[in-house]
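Right, I'll just put the structure down here and ask away after.
The values are calculated or read from the model by the stated rules, or taken from the named source; none is laboratory data. If you're wondering where the values come from, they're calculated on a predicted model, not measured in any experiment. Positions of Cβ are generated from backbone atoms using ideal geometry, with glycine treated the same way; all protein chains shown enter the neighbour counts. These accessible areas exclude ligands, DNA and RNA; they are computed on the full protein's heavy atoms, side chains included. Shrake-Rupley method; radii C 1.70, N 1.55, O 1.52, S 1.80 Å.
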Amino acid sequence: MNILRIDSSILGEASASRDITRHVVDALARANPAATIVHRDLAASPLGHFDAELLEARSTPAELRGPRARARVEQAEAVLEEFLAADVIVLGAPMYNFGIPSQLKTWIDLIAVAGKTFRYTESGAEGLAGDKRVILAATAGGRHAGQASGVAHIDYLRFLLGFFGITDIEVLVAEGLALGEGEREAAMAAALGELEAIAA
């Protein structure tokens with residue numbers, strides 16, 4: 001089993017989503033001792049945005065790319081290959097300003113590659129990454145799941161993963177984290193209380 005852990009919170013050790021992804025990966029590793037674990041920290045090591053420079057570098061033949069263009073393409077390809085190689089993706093997704101962190105959106109832009117994770121056919125889009133399991137650690141200071149304010153958070157990620165063909169999606173939600181210590185403790189306990197079932 002190949003496990004890919006993605007963290008996008010800027011809060012370091014104080015991050016609730018990081019706490020959940022760490023516990024999930026630990027539980028999966030205990031249940032699967034031979035598992036390979038790759039950890040990509042999008043806040044500690046930011047990726048280059050999907051921009052005109054990267055688009056041009058990708059469309060330039062490899063032998064004609066300069067050093068910067070080669071580096072940009074190599075980074076993007078490494079991110080994509082990590083995703084494609086993973087059997088399980090443990091995805092930390094805090095809510096910032098009613099959406100996902102820009103760091104996480106950048107990662108998404110690098111794995112949304114036609115011919116690799118999806119393709120267009122005469123009958124519409126077809127996902128090519130449906131052989132994966134995703135465990136989503138979704139956190140928020142307020143309460144947004146199932147509401148209009150949460151559309152650009154959990155709903156967006158579910159839609160995106162479905163676009164890639166992924167249907168095995170489990171969501172651990174810890175919301176209301178900024179509504180008081182008691183609320184935070186209860187939310188985290190509820191999210192982490194599902195670990196045993198997930199690891200099984």
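Looking at 140, 145 in this structure, which one is over 13 Å from the mean Cα position of the chain (by Cα), farther than 26 Å from residue 55 by Cβ and either free of Cβ contacts under 8 Å to residues at least 24 places away in the same chain or surrounded by fewer than 17 Cβ atoms within 10 Å (Cβ to Cβ) (or both)?
So the residue among 140, 145 that is over 13 Å from the mean Cα position of the chain (by Cα), farther than 26 Å from residue 55 by Cβ and either free of Cβ contacts under 8 Å to residues at least 24 places away in the same chain or surrounded by fewer than 17 Cβ atoms within 10 Å (Cβ to Cβ) (or both) is 145.
Taking the range 25-48 on its own, how many of its residues are charged (D, E, K, R) and assigned to a helix (DSSP H, G or I)?
So the answer is 2.
Exactly one condition in (1) modelled with pLDDT of 95 or more; (2) in contact with a helix residue (DSSP H, G or I) (Cβ under 7 Å, 6 or more places away or on another chain); (3) small (Gly, Ala, Ser) is not met by residue 162; state its number.
All conditions are met except number (2).
Please go through the range 155-171 and give me each residue that is without any contact (Cβ under 8 Å) to a residue 40 or more places away in the chain and either under 13 Å from residue 104 (Cα atoms) or not β-branched (Val, Ile, Thr) (or both), ordered by number. Quick ask: steps written out before the conclusion?
Residues of the range 155-171 that are without any contact (Cβ under 8 Å) to a residue 40 or more places away in the chain, as a first pass: 155, 158-159, 161-162, 166-171.
Passing the criteria: 155, 158, 159, 161, 162, 168, 170.
A follow-up question, please. How about the range 98-107: which of its residues are out of contact with any helix residue (DSSP H, G or I) (no Cβ under 7 Å at 6 or more places or on another chain) and assigned to a loop (DSSP other than H, G, I, E, B)?
101
Only one of these conditions is not met by residue 102: (1) free of Cβ contacts under 8 Å to residues at least 24 places away in the same chain; (2) under 30 Å from residue 193 (Cβ atoms); (3) under 13 Å from the mean Cα position of the chain (by Cα). Which number is it?
Exception for residue 102: condition (2).
Among the residues of the range 33-52, count how many are open to solvent by less than 70 Å² (accessible area, probe 1.4 Å) and either modelled with pLDDT under 95 or of a type in the set (D, E, K, R) (or both).
Residues flagged as open to solvent by less than 70 Å² (accessible area, probe 1.4 Å) and either modelled with pLDDT under 95 or of a type in the set (D, E, K, R) (or both) within the range 33-52 amount to 4.
Condition (residue is buried (at least 17 other Cβ atoms within 10 Å of the Cβ) and assigned to a loop (DSSP other than H, G, I, E, B)) applied to the range 76-88: is it met by at least one residue?
yes
Looking only at residues in the range 172-186 that are among the small types (Gly, Ala, Ser) and free of Cβ contacts under 8 Å to residues at least 60 places away in the same chain, which one is most open to solvent (accessible area, probe 1.4 Å)?
Among them, the one singled out is 178.
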